[in-house]
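Each reported figure results from applying straightforward, stated rules to the coordinates on display, with no laboratory input. Given the structure is predicted, the values throughout are model-derived calculations rather than measurements. Using ideal geometry, Cβ is built from the backbone for each residue, glycine included, and neighbour counts are taken over all protein chains shown.
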Amino acid sequence: MLSLIVFLPIIAGLVILAVPSSQKQIIRIVSLLAALAQGVLAVLIWRGYDPALPGITAGPGGSPLGSFQFVEKVPWISLHLGGFGSLNIEYFLGVDGISITMVILTALVSAIGVLSSWTIQKQVKGYFILYNLLASAMMGCFVALDFFLFYVFWEIMLLPMYFLIGIWGGPNREYAAIKFFLYTLFGSVFMLLVMIGLYFSVTDPVTGQHTFSLVAMATQTNFNIPGAIFAPENHLWRQIAFIVLFVGFAIKVPMFPFHTWLPDAHVEAPTPISVILAGVLLKLGTYGMIRINFPLFPEVFHASMYVIGIFGAINIIYGAFCALAQQDLKKMVAYSSISHMGYVLLGLSAGNSEGMVGALYQMFNHGTITAMLFLLVGVIYDRAHTRQIDKFGGLASYMPVYAAVVTVAWFASLGLPGLSGFISEALVFVGAFSSETTRPIAMVSVLGIVFGVAYLLWSLQRMFLGKRKADAAYDLEIGTDGHEHIHFHDWKGKLDLDGRELAMLVPLVLITIFLGIYPMPVLGMLTSSINKLVQVLSPVVMSQM
Amino acid sequence: MSNPTYTVIFYLFAAITVCSAAFVVFTRNVIYSAFSLLFTFFGVAALYVFLSADFIAVTQVVVYVGGILVLLLFGVMFTNSIMQTGQKSEVTHVVPGTLLLAGIIGALLYTFYTTHGWMPSETTMQGSIVERIGFETMSRYVLPFEMVSILLLAALIGAAFLARFDKPGK
Amino acid sequence: MHSLIQLSIVVLLLPLLSFVILIFFNRRLPRRGDFIGVGILGAAFGISAYIFWSVIVQTYDPAFRVAWDFTWIDLGNVPGVGPLQIRMGVVIDNLTSIMLAMVTLISLLVHLYSTGYMAGDKNYGRYFAFLGIFTFSMLGIVLSDNLFSIYIFWELVGLSSYLLIGFFFEKDSAADAQKKAFLANRVGDIGMWLGILILYSQFHTFSFEQIYANLAAGKFALSNAWLTAAGILLFMGCVGKSAQFPLHVWLPDAMEGPTPVSALIHAATMVAAGVYFVARIFVMLTPDALHVIAFIGACTAFMAATIAITQNDIKRVLAYSTVSQLGYMVLGLGVGAYSASLFHLVTHAFFKACLFLGSGAIIHAMHHEQDMRWMGGLRKHMPWTFATFTLATLALAGLPLTSGFLSKDAILAGAIGFAKVEGGGIFYLIPVLGFFSAMLTAFYMGRQIWLVFFGESRTHLKPADNHHAGHHAHDSHAAHSDDHHAYHGVHEVSWNMRAPLVILAALSVFFVYSPDPLDGAKGWFMKMIPTPATVVGEANPQIGSLHAVTAAPHLAGVVPTAEAVPAVAEHGAVAGEHGEAKGGHLYSDSRQAEIVHAGHAAHYTAIYISSIMVVLGIGLAFVVYVFGIIDPDKTAQAIRPLYLFSLNKWYWDEIYDATFIKGSMVLAKMLSWFDTNVVDGIVNGVALLVRKFAFVNDSFDKHVVDGMVNFTAFTVNTTGAVLRKLQTGKVQTYVAMLILVLFGYFVFYFTRLIRGI
Amino acid sequence: MEQFTTIGLNHYLTISAILLGFGLFAVMTRKNAIVVLMGVELILNAANINFLAFSKFNGGMEGVMFALFVIVIAAAEAAIALAIVINIFKLFKSVDVSSIDSMKE
């Protein structure tokens, strides 16, 4: 099941390989069908998922069964390295509450990304092959439970992303692509070292051999090799490993001083890639922290909660301020992503159930909401060929449906109750405030809510309210019926949202509203896993609550 | 093999082979060379019979005399106007060639006759070997046989292609 | 589930239904679906009236309370806490049922009124949809039984306010105003949110009941300062929503919205939600927090009143008067006059809605002229409007026989009592400011009545250029042109706009609330809404009785008759005894008991002073505007700095613009610069360093490593030049060489053979 | 004397050596490409004699089979070589191998 959902896009990519590159429509439809099939599989997995099983660590007897679900575990690479012992890498997939939400999100955003890619005209074949490779790698990252396998997917993801930005991007695309690639690669190289160190420090309780299994690593008693580099008594090295891993994931989040690749990448990337980037890729950073960083080094996590929280707060407020200053709409949305991912960090740093549930829910919601934001930016960019906020004005009169969807998306982004973003932000704050460690940070971070309102409403006003500006990117015409219309240069399509754009946006809007009113479908899957995770981190958390 | 008749016939054919080969090499006339090569091939075929390889001898006659020699003659005719009397072919490096010829032959003969390691097997081959050739061809040497046949086919096609007069596109 | 709960849920969801129908289908419905909005609100009001009747009139139980909740978010078995759920629910008690009736009634009247006022607008259907979602959110606040859902509806009210203020979004001023309103509300909301978080972090619940029970049981683990902070922070939500100083700046600008919206949202309901919320959390406010609240209320009341006297826009005057009256309510809560404050909330809602709707009628009739300087003489042309407007004005000014007199007087009495009990000089500032504001209120309302309804029409005096340049922003309808200089168009408005005025004016008369025109405490309202006992009394927080509700059963045993139950209301020995008997059943907290008692004692003092003040104010208005003894323009010149100070609203907008807004923008620009140049600069710098190193490496490569390679190539080349001579291209030469080598091998072989190796 | 009357291995080898020598001489000294080819055929025949001789006196079949293959390959070689020669003639109007040195440098 999981293998199918992971490799389905790659199969679609192979099919596309066989289609002649002139058959653009067939290529698109094959991709769409694969994405829809992936969605159906995600729904099946969701229906078959038992929210009572916690995941995170191994079930009874050290086996992943009974804790993880849809487990697939077969030996993959087995090398005998003489004096170094043997290298056992497993093909090990499985989901728990943390990953299942991300699996659903990935399937959803991938499908919407395919729809959004319909407007790509340049080298369609190559584009969709890379796109499908990317979709597979992302899905693989979320379901891999073997560290090595995770790392493989993690690295595979970089390559198509590099080309998708570097070939189909905007004017400054090479710079952005290189920056993205080097930055992320920098993070992952150190991850590789830590990964190998972990391998030699951990044994699988079932086989007694060294293992890359994240499930085995999540239980501290499995660190039972005396004198190993990450053995429990080796505090210094464990701290270094934590920091290195954290930085690797923080680059992906992106966390404050490592965030500068994001605005560049977003501004240059084509719309569907921005959607994927913001909707799924950023989540991998925080997912990695939850899945790998924290449970593997709980005592270091405890010691650094305060620092993580501070970085989260910096992200929230700094991102909001930077967004306030932007003239480019897409850049503003990119910085708002930074700000919103700060909430995730803040929630994680709280270390209690409310905060962590909020953080994970925020990951899901940020995926849907930001996807919506970038799609909306793409809609106006397609028409006007500019994203300068000042080049618009009064659009609400001329494009009412677009304006309505934008309003929903913008308000969802600023955390209006009744829309999903609110619940996650609220839970994050509830958690962060309930933990004494992060309470002062939470009090400061609340300011982010105000500045979030400021930049979003200001941009909404400048683009949609008032009247057309003199130097706007469109012309005003008086129609035969006496009403005013606007006209974009060389835009032949429908002025307001067309059917394809609605097909992308309406599901997201509905999800945002539904999960804002009744969040339990997602939260219900999370809670038992998060409570288990908090328990895993608990010797420390309990003492301070 | 001390049968005198046998010995005499052997020497006869050996002489024919060697002499005609010498004539091939030393005559200046290409046509003469070609015709004396005919005798060389026959002589060699006769020697094959002495070596109990009657099938090979027949093949030698059929392929060399019937095929290769005819080809060579065609070559001569294509490249020289046959009516010209002075179909002399020039020579070069005669002195070093002669020296080397003498050296090589001398050296080989010296080797043959000073080597004491030639230990003829107890069971020399007797009688006809056609049946055995057939057996070996279809069993142990079936792969080389097939490959050689493919090679031959390819070579013939290639040769026909190369030697074509009016190449398309030229 | 109690049947009233079911009904209240129906009431809550009906306006939402109206919103959903109208937002999607308004263009397909006849009349853009306005009848759906009005009809649904009518139904909602009908049910609310039934609830009101059965709770207030029929049973008459001060301790009435039914609640129902459900699990909204289930966080499972949380380590360290145990099973944790976030529950949502509704509660109905006396206050709720009164508020329900009030909100739905005013909303219904505004819906009805809007069918006339907004007729012909191009987004007519959307307007009713927005009214629907506003009503839904407001009812949500009223019915909530926990802080979290109040916060949710609080924000939704902010949203609907945002949508309605910016209804004419094509005007930049409207777009600015809506943003400002939402932002100011959000600032208040984050305070409220922090307050909620403080409480949640201690008790892991949002429910009022459980929080108060825990507080009363002394389970609050943090210091008392935290509790005070929680109270003040929660109050910040009220500061934002009820436009209290220093976040009042958004409310006058919110008058950019359609006038019925101003009546509904920015006078009667939404702004009152802040006061309602403070009333809900009243029992957990510490004395320190209450002091802060009282002072902020007094400041707001005074400041807004001083601004109102110089404003020329008819709606702005009313807006500042709203701010001022909200200040009264907050002041009332701060001083502990809980019942009076809520009483004022209800009376104010009716008469202020009446005033706004009246001004809407005037604006409608005057073809969207809002500047009072160019009105005048409307009395003859609009008699119904004149009558109702005047009645509501009298109520606002607080003249006897009106509802406003009853409630305002009760607040001021409480303020005097509070000052006495606290005993400090500074605390007398609160009643003083209150009385002074009362006088100012009477003055500016007198001025407004005179300018609008009396005298001769001044329409023709309006300077044309000034009109276009300066007052364009005040026109509600951009579509309407501004050149209605002629007087002839003014006429009385149609029935659907007149009926609400009459109903609201009728609700501004004293006998609706109290049989005694001088004492509201004798009326049903203040009896039904007694001041609840605090749960955080400083004397003995551990034994404080929980709540008015829990206290009520004790009372029922003590005092058998229903009329006597709200003993507080009896300004006499009974209340005094209860108050002085510390640790008694009703107010275990001595301070609270004393204040209630002193407030009753000060009742007549308050009546005298406030009556004098009102008469003074109206007299002054007469002196200035009717008799012309003092020329307002000359006076304004004489005290020009003060006049400008008032006219420019104490320069709050300018101050905020210069500090917070500019500051934020500058900070944003700085951080953005920092981001692109410093943070990204470091990244690019690292990349540059790596490249520089690569260049150094490259030159090493070029000269040393590559040099060796080139040397090799040179050698090979030279050798090759020599050896090339051997390449003749002649096949036979090669064969000769080949054979030579072969021969050489033989020679070598033979040598070895000969030497016997 | 017995050396001459009893035909042994060395007799065949001697003939083979002489043929090889003549073949090499022809390849080396003659300018006509056809004669060069004839020399090559002589060399191949010399090799074949060797194969068969050793096969005869060793009793195995390997030499016989190899001789057979050599003949086949010689046929192929002759065909190709003649085709090349004819092409050369068409190109240079000559079959003089010493004058065809355009591959020099």
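Listed by Cβ neighbour count within 10 Å, with the fewest neighbours leading, A:Lys73, A:Lys122, C:Lys408 appear as A:Lys122, A:Lys73, C:Lys408. Taking other C-beta atoms within 10 angstrom as a stand-in for reagent exposure, C:Arg447, C:Arg458, A:Arg47, C:Arg724 fall in the order A:Arg47, C:Arg724, C:Arg458, C:Arg447, fewest first.
Bridgeable aspartates and glutamates around A:Lys122 (alpha carbons under 12 Å apart, same-chain partners fewer than 8 residues away excluded) are absent. With contacts taken as Cα pairs under 8 Å and at least 6 residues apart, region A:289-432 reaches a relative contact order of 26 percent. Ordering A:Thr512, A:Ala472, A:Phe249 by Cα displacement along the dipole of chain A toward the positive end leaves A:Ala472 in first place; charges were set at the Cβ atoms of Lys, Arg (+1) and Asp, Glu (-1).
Quick check on the protein assembly as shown: take the gyration tensor over C-alpha atoms, sort the square-rooted eigenvalues as a ≥ b ≥ c, and tell me if it's rounded (a/c under 1.5), prolate or oblate. Working shown, then result.
Values: a/c = 3.91, a/b = 2.79, b/c = 1.40.
Prolate, because a/c is 1.5 or more and a/b exceeds b/c.
Note on region A:341-412 and region C:273-313: Cα centroid distance 36 Å, given to the nearest whole angstrom. For region A:290-304 versus region C:422-446, the spacing of their alpha-carbon centroids is 59 Å. Region C:489-534 and region A:195-220 have Cα centres spaced 75 Å apart. Is the C-alpha gyration tensor of region D:9-96 telling us rounded, prolate or oblate? Criteria: a/c under 1.5 is rounded; beyond that, a/b larger than b/c is prolate, otherwise oblate. Note, shape of region D:9-96 comes out oblate. In this structure, the pairs whose alpha-carbon distance is over 22 Å, taken from A:Lys330/C:Lys241; A:Lys24/A:Lys283; A:Lys252/A:Lys331; C:Lys315/C:Lys662; C:Lys420/C:Lys649, are A:Lys330/C:Lys241; A:Lys24/A:Lys283; C:Lys315/C:Lys662; C:Lys420/C:Lys649.
The Cα atoms of chain C give a gyration tensor whose axes a ≥ b ≥ c have a/c of 1.5 or more with a/b greater than b/c, which makes the shape prolate. Length gained on full extension, C:Arg752 to C:Val432: 101.9 nm, using 0.36 nm per residue less the C-alpha separation.
If we count other beta carbons within 10 Å of each Cβ, what is the order of C:Cys354, B:Cys19, fewest first? Don't skip to the answer; put the middle values down first.
Numbers: C:Cys354 31, B:Cys19 14.
Result, fewest neighbours first: B:Cys19, C:Cys354.
Each peptide in B:150-160, A:199-209 was scored by the mean count of other Cβ atoms within 10 Å over its residues; highest first, the order is A:199-209, B:150-160.
What is the local net charge at A:Leu164, summed over the other residues whose Cβ is closer than 14 Å to its Cβ (Lys, Arg +1; Asp, Glu -1)? If you can, show how the numbers build up before the last one.
Numbers: positive: A:Lys122, A:Lys125, A:Arg173; negative: A:Glu174, A:Glu268.
Neighbour charge sum, excluding A:Leu164 itself: +1.
What number, rounded to the nearest 500 deg cm²/dmol, is the helix-based mean residue ellipticity at 222 nm of the protein assembly as shown, given -39500 (n - 2.57) per DSSP H run of at least four residues and division by all its residues?
Details: 65 runs with 1042 residues, N = 1577.
Only helices count here, giving -22000 deg cm²/dmol.
This model, with +1 at the C-beta of Lys and Arg and -1 at the C-beta of Asp and Glu, gives chain C a dipole about its Cα centre of some 2680 debye. Against chain D, whose longest principal axis is taken from its Cα atoms, helix D:33-58 shows a tilt of about 20°. Between D:Ala46, D:Ile88, D:Thr14, the Cα set farthest toward the positive side of the dipole of region D:9-96 (charges on each charged residue's Cβ, about the Cα centre) is that of D:Ile88. Summing charges over all other residues whose Cβ lies under 12 Å from the Cβ of A:Arg28, with Lys and Arg as +1 and Asp and Glu as -1, gives +3.
Only Lys, Arg, Asp and Glu carry charge here, each on its Cβ (+1 for the first two, -1 for the last two); on that basis the protein assembly as shown has a dipole of about 3180 debye about its Cα centre. Between the residues A:Ser336, A:Leu360, A:Ser304, the greatest Cα displacement towards the positive end of the dipole of region A:242-395, with unit charges on the Cβ of Lys, Arg, Asp and Glu, is found for A:Ser336.
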